[in-house]
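Beneath this line is the structure, given in structure tokens, with notes to follow.
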Amino acid sequence: MTEIASLGVLKDVFIWGMVALTLGVAAYAFMRWRWEGESWNTDGNVLSRPYDFVDGLVALGLIALYSMGFFLASPDPSGGEAAKAVMTAGTLLTLEMQPILICLLLLIYMTLYRGLNPAEMFGLRQMSTSSAVAQAAISFVLVYVVLILVMNFVVEVPDKSQQDLVNEFKNADNLTFKIVLALAAVIIAPLTEELMFRGFLYGVTKRFTDRWFAAFFTALIFAVMHHHVGSLIPLFLLAVGLAVVYEITGCLLVTVFMHAMFNAWNLAQLINQ
């Protein structure tokens, strides 16, 4: 699939996701008005009631910020491979500072402006670190088995190419670059992406809809934001699994460790190729 076609698919999926969010929020608002007293978004173990309308606007702002990558992109109109600069360890570190900064600003907003306690909102005290690791390991195996079964026997991937960072890792001769990329994949990405997608976006979406709608919507956004059509379905399935595990355990640490295990496993496979 050409770069411009891939970009078109991602834009279409994102737009339909936002249409689904608009209709979903409207439908749930009507149901709450029609059956006053219903509180289905308190089901599960993820706290969502403290969020309000302002948090919803912040969540939309985060989604808009992450969507800029493919809405402002200018792919090669001929469909060929555009010339790409070689990524260095310094460039990668600069890119990784962006989600870290966004997460820091989000935590400052939650604590200082909204008066929310992130440890309480994300269930960080629900279990010890060792218990979270154990829960994550068991959940990772179960989710990964389901993902493999679906991808091998149910769904045919439309684009079998690999993500740019995967190709960069495979082709890089610089050991420093590979170490930085590995640290970014196993430490930075799980922390920042789980905080934003499962921790904040999922909780806010659940507040205005319910846990299943929130799981599917945030999974779709998570998958689209990786800017790669070939990874769209597996990342969507992974994100749904992460949301389900988050609801069952009520602890964001579990999904952070699961995410880290997923990325570490994929890196190990690349190294062994």
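The values are calculated or read from the model by the stated rules, or taken from the named source; none is laboratory data. Bear in mind the structure is a predicted one, so any value in this text is a computation, not a measurement. Here the Cβ is made from the backbone with ideal geometry for all residues, glycine too, and neighbour counts use every protein chain on show. Surface areas here come from the heavy atoms of the whole protein model, side chains and all, with no ligands, DNA or RNA. Shrake-Rupley method; radii C 1.70, N 1.55, O 1.52, S 1.80 Å.
Which value in nm describes the separation of the simple spin-label points at L93 and V145, placed 7 Å from the Cα toward the beta carbon?
4.2
Would you please report the Å³ per residue occupied by the convex hull of the alpha carbon atoms in segment 124-273?
With only Cα atoms used, segment 124-273 gives 116 Å³ per residue.
Using only Cα atoms, locate the centre of segment 192-212 and the centre of segment 91-135, then give the distance between them in Å, rounded to an integer.
13
Gain in length, L270 to I248, computed as 0.36 nm per residue apart minus the alpha-carbon separation, to one decimal in nm?
Taking L270 through I248 to full extension adds about 4.8 nm, to one decimal.
With angles folded into 0 to 90 degrees, how steeply does helix 211-224 sit against the dominant principal axis of the chain? Use alpha carbons for both and round to 10.
Approximately 20 degrees, to the nearest 10.
Could you calculate the contour length gain from L104 to N174, that is, 0.36 nm times the residue separation minus the distance between their Cα atoms, to one decimal place in nm?
My answer for the length gained is 22.2 nm.
For the chain, what is the mean residue ellipticity at 222 nm derived from helices alone (per DSSP H run of n ≥ 4: -39500 (n - 2.57); sum divided by total residues; nearest 500 deg cm²/dmol)?
Per the formula, -21500 deg cm²/dmol.
How far is helix 252-272 tilted, in degrees, relative to the longest principal axis of the Cα atoms in the chain, given as a value from 0 to 90 rounded to the nearest 10?
It works out to around 10 degrees.
Quick check for you: with a 1.4 Å probe and neighbouring chains kept, what is the accessible area per residue of segment 126-273, in Å²?
With all protein chains present, segment 126-273 gives 44 Å² per residue.
Mind giving me the FRET efficiency for W33 and I187? R0 is 35 Å, r the Cβ-Cβ distance, nearest 0.05 is fine.
My answer for the efficiency is 0.20.
How are the Cα pair distances of the chain distributed, in percent, across 5 Å bins from 0?
With a bin width of 5 Å, the distribution comes to 1, 5, 11, 16, 18, 18, 14, 9, 5, 2, 1, 0, 0.
Only Lys, Arg, Asp and Glu count, each charged at its Cβ (+1, +1, -1, -1), so figure out the dipole size of the chain about its Cα centre, rounded to 20 debye.
It works out to roughly 440 debye.
Just the Cα atoms of segment 201-256: what Rg and Dmax do they give in Å?
According to the Cα coordinates of segment 201-256, Rg and Dmax are 11.0, 31 Å.
Round to a whole number: what % of the accessible area of segment 107-255 belongs to carbon and sulfur, probe 1.4 Å?
66
Going by average Cβ density within 10 Å per residue, which order do the peptides 197-209, 102-114 take, highest to lowest?
The peptides rank, most packed first, as 197-209, 102-114.
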